[in-house]
1. Looking only at the stretch 81-97, decide whether some residue is more than 16 Å from residue 132 (Cα to Cα), surrounded by 14 or more Cβ atoms within 10 Å (Cβ to Cβ), within 38 Å of the chain's Cα centre (by Cα) and touching a residue at least 60 places away in the same chain (Cβ under 8 Å).
2. Take the residues in the stretch 269-280 that are crowded, with 19+ Cβ neighbours inside 10 Å and among the hydrophobic types (A, V, I, L, M, F, W, C), then tell me which one is nearest to the chain's Cα centre (by Cα).
3. So, in the stretch 31-40, how many residues would count as being in a helix (DSSP H, G or I) and over 19 Å from residue 101 (Cβ atoms)?
4. Specify which of the listed residues (199, 204, 240, 210) is surrounded by 13 or more Cβ atoms within 10 Å (Cβ to Cβ) and either part of a helix (DSSP H, G or I) or at pLDDT 90 or above (or both).
5. Taking interchain pairs and intrachain pairs at least six residues apart, which have beta carbon atoms under 7 angstrom, with the first residue in the stretch 104-123 and in contact (Cβ under 8 Å) with a residue 60 or more places away in the chain and the second among the β-branched types (Val, Ile, Thr)?
6. Would you confirm whether or not the stretch 297-313 contains a residue that is buried (at least 18 other Cβ atoms within 10 Å of the Cβ), touching an Asp or Glu at 6+ places or on another chain (Cβ under 8 Å) and not acidic (Asp, Glu)?
7. For residue 52, are the conditions met, namely being at pLDDT 80 or above and touching a Ser or Thr at 6+ places or on another chain (Cβ under 9 Å)?
Amino acid sequence: MFLCLSLVSVDECRGLTQETCDIPPVLSQAMESLQDRPVLYKYTLDEFGTARRSAVVRGFIDALTRGGPGGTPRPIEMHSHDPMRYVGDMLAWLHQATASEKEHLEALLKQVTVQGVEENMQEVVGHITEGVCRPLKVRIEQVIIAEPGAVLLYKLSNLLKFYHHTISGIMGTSVSSLLMTIDEMHMLSKKMFFNSLSLHASRLMDKVELPPPDLGPTTSLTQTLSLLREVLASHDSSVLPLDARQADFAQVLSCILDPLLQLCTVSASNLGTADMATYMVNSLYMMKTTLALFEFTDKRLEMLEFQIEAHLDTLINEQATFVLTRAALSHIYSCVQQHTAEQGSTDYRHRC
């Protein structure tokens, strides 16, 4: 009896190969009856997964190349020139498909009461979505390897991480080829992004730009801060969880800001003390005003403020020395300092 029921159920499952499907109530009842026969139950569930896997793969390829019924929506590959929309549309389609397949399984197993039903569903959803991994990976790799620029690579990295987080909420904690593929592409885009930043920093250091006559920020500093602003702006608009964004932020700042500080120091190395202090204050202030627009920058802002104050102190001392020298007051000032020191005063200015 149970063998016959299993065979009938398998035939019914094999017919569920349309992109959208309704689970007949009788099939749910059959799974309830088969739950006491683990071998037959698993065989039927596996056949259901195989049928739905074929439907999902076919639906994904159709969405990529043919679009929806009547051409609406348009084929996803029509947007391959726009990396964010292209990758985003593919991941959005797979997110919807994953959620739909989870709902189909919930309808199929809604009357099953044996322990481990949730784990069974996660495993079957993983099997169903496994077939789309190869076409997805090939297309995303093509986008990333084309090196669309640091900002776009960072946006793609965040997009992939977001969908990994979202789809894992549907698929649970089970090992899934789809989640592994999305995570692999996320890591690749992130690696390419930081490689792009490192290359940018290396190019800056290879040809250090001298400070302009007005001792303002150099063109290379302004351009790099503009790049940083774009990256941080896309980071602020990210829909990732707060802790994930904060961890990424620190790494981005280290990769861009640290080379910039080194660049400014090298660029100013041949300037006089006062000119160097002026140039560094101007450059550091531009960095500070850029970072002040964004979150998670408090520690960096404190560091920049400390450096600005140190250079301002240097500039004030240099200017004071210059004025005293031009006014022929240096010797008198030295005598006054010596006298106040003998009187036990720690700071002559406090007595004025």
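1. Yes, that holds for at least one residue.
2. Kept after step one, since they are crowded, with 19+ Cβ neighbours inside 10 Å, are these residues of the stretch 269-280: 276-280.
Right, trim to among the hydrophobic types (A, V, I, L, M, F, W, C) and you get 276-277, 280.
Values: 276: 37, 277: 36, 280: 31 Å.
Among those residues, the one meeting the criterion is 280.
3. Keep residues of the stretch 31-40 that are in a helix (DSSP H, G or I), which gives 31-34, 38-40.
Keeping just the survivors that are over 19 Å from residue 101 (Cβ atoms) gives 32-34, 38-40.
Counting residues in the stretch 31-40 that are in a helix (DSSP H, G or I) and over 19 Å from residue 101 (Cβ atoms) gives 6.
4. Values: 199 fails: surrounded by 13 or more Cβ atoms within 10 Å (Cβ to Cβ); 240 fails: either part of a helix (DSSP H, G or I) or at pLDDT 90 or above (or both); 210 fails: surrounded by 13 or more Cβ atoms within 10 Å (Cβ to Cβ).
Going through 199, 204, 240, 210 in turn, the sole match is 204.
5. That search, which allows pairs on different chains as well, returns 104/23; 107/23; 108/23; 109/117.
6. For the stretch 297-313, residues buried (at least 18 other Cβ atoms within 10 Å of the Cβ), touching an Asp or Glu at 6+ places or on another chain (Cβ under 8 Å) and not acidic (Asp, Glu): absent.
7. Values: at pLDDT 80 or above: yes; touching a Ser or Thr at 6+ places or on another chain (Cβ under 9 Å): yes.
Yes, satisfied.
Here's the yes/no breakdown for (1) over 11 Å from the mean Cα position of the chain (by Cα); (2) polar (S, T, N, Q); (3) closer than 26 Å to residue 118 by Cβ:
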site: 162; (1), (2), (3): no, no, yes
site: 174; (1), (2), (3): yes, yes, yes
site: 182; (1), (2), (3): yes, no, yes
site: 185; (1), (2), (3): yes, no, no
site: 191; (1), (2), (3): no, no, no
site: 200; (1), (2), (3): yes, no, no
site: 203; (1), (2), (3): yes, no, no
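The values are calculated or read from the model by the stated rules, or taken from the named source; none is laboratory data. If you're wondering where the values come from, they're calculated on a predicted model, not measured in any experiment. Every residue, glycine among them, receives a Cβ derived from its backbone with ideal geometry; neighbour counts consider all protein chains shown.
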